[in-house]
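Report on one structure; see the data block that follows.
The values are calculated or read from the model by the stated rules, or taken from the named source; none is laboratory data. The shown structure was predicted, so the numbers you read here are calculated from the model rather than taken from an experiment. Neighbour counts are summed over all protein chains in view; Cβ atoms, including those assigned to glycine, are modelled from backbone coordinates with ideal geometry.
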């Protein structure tokens with residue numbers, strides 16, 4: 001399939017680079033790009049904009065009756081509501097906004113129950129479930145490591161801004177996104193061993209507890225700092241999808257920075273198709289095409305998100321167990337799951353685990369996963385049995 005048939009290429013900068021790249025455990029800048037294949041129908045509603053330091057795209061095909069106007073959609077309201085949902089998630093979970101609910105929890109030195117919204121409780125609870133499933137490869141307490149390596153919102157050990165506001169907008173290292181989740185700067189200095197060891201004492205998902213009624217979070221260490229960048233975008237995708245279904249819309253494709261969830265058919269009456277990109281740093285090429293219905297897709301990788309210092313390459317994906325960038329040969333991970341939030345977190349976790357441990361986890365749990373692995377001569381790929389049924393073109 002040629003790129004000309006792919007009008008929508010979505011690039012994901014998964015974070016834990018952002019605050020745990022796929023929120024998990026590190027800083028990941030989603031390096032793998034996804035593309036929704038083929039919906040150029042003029043009868044498809046298409047909403048786009050900026051959110052969380054990246055873009056969003058929502059496609060909703062309209063039925064013939066709706067196009068004729070006998071049962072029309074309030075298109076303006078739909079667009080406003082989508083924007084409001086995304087703004088609410090950003091206001092709750094961004095570490096780049098001092099007034100966000102997550103930032104207030106992070107700067108608090110309380111170790112008793114801290115009341116939070118049901119939305120924040122939901123995301124943190126799911127993050128902890130994925131942390132336990134992956135043996136800590138996904139860890140939302142990795143925020144201090146992200147900041148130490150220079151990929152976060154530049155917070156010091158006390159949780160205060162480490163520079164003036166204007167300086168944070170355009171630091172010497174490069175641009176940083178304050179309002180959302182994304183950061184791709186190169187640190188001026190490599191972390192000192194002593195600082196790395198001190199920071200590691202604050203890392204560990206076991207330091208966080210949740211309470212459902214009333215919703216609240218609690219940290220064992222007052223300096224624990226959470227970063228949800230590797231899971232919050234997936235949650236936002238799910239929230240928009242759930243809203244569309246409440247509105248009676250059962251055909252849609254939601255994409256936030258490469259985190260996708262699709263259901264039903266596109267404007268041509270065909271299943272939504274997504275292109276998985278080959279991990280090539282200098283150009284775009286399709287590795288595989290999958291079809292999804294009532295499923296989410298998340299891809300994580302580091303082949304475009306890395307920096308070099310003194311001749312050595314450093315991934316933007318941080319292993320929360322070592323506090324350092326990953327060094328294995330896994331170039332990208334694509335996960336399919338009913339939940340975009342869970343797919344987001346799992347993609348980050350498997351990126352941290354690497355090609356062997358990550359594959360074994362996915363196979364054992366029956367998770368549809370495709371791994372692209374670097375070799376001396378190029379790349380090879382490996383998919384779990386559960387993934388193969390989604391593939392429509394190679």
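Do you know which of the residues in the stretch 241-284 that are buried (at least 24 other Cβ atoms within 10 Å of the Cβ) and within 16 Å of the chain's Cα centre (by Cα) is nearest to residue 54 (Cα to Cα)? Once the filter is applied, the top-ranked residue is 257.
Tell me the strands (runs of 3 or more DSSP E) entirely within the stretch 5-106 that contain at least 1 residues that are farther than 24 Å from residue 223 by Cα and modelled with pLDDT under 80.
On the way: elements: 8-11, 33-37, 44-51, 54-61.
Here the list reads 8-11, 33-37.
Annotation: of all residues in the stretch 123-143 being assigned to a helix (DSSP H, G or I) and in contact with a strand residue (DSSP E or B) (Cβ under 8 Å, 6 or more places away or on another chain), the one that is nearest to residue 322 (Cα to Cα) is 142.
Are there helices (runs of 4 or more DSSP H) fully within the stretch 318-394 with at least 2 residues that are at positive phi? List them.
none
Of the residues making up the stretch 353-394, just one is under 11 Å from residue 276 (Cβ atoms) and free of Cβ contacts under 8 Å to residues at least 40 places away in the same chain, namely 383. Scanning the stretch 256-283 for residues that are touching a strand residue (DSSP E or B) at 6+ places or on another chain (Cβ under 6 Å) and part of a loop (DSSP other than H, G, I, E, B), we see that the one that is modelled with the lowest pLDDT is 279. Scanning the stretch 212-230 for residues that are in contact with a strand residue (DSSP E or B) (Cβ under 7 Å, 6 or more places away or on another chain), assigned to a loop (DSSP other than H, G, I, E, B) and more than 30 Å from residue 54 (Cβ to Cβ) yields one hit, 214.
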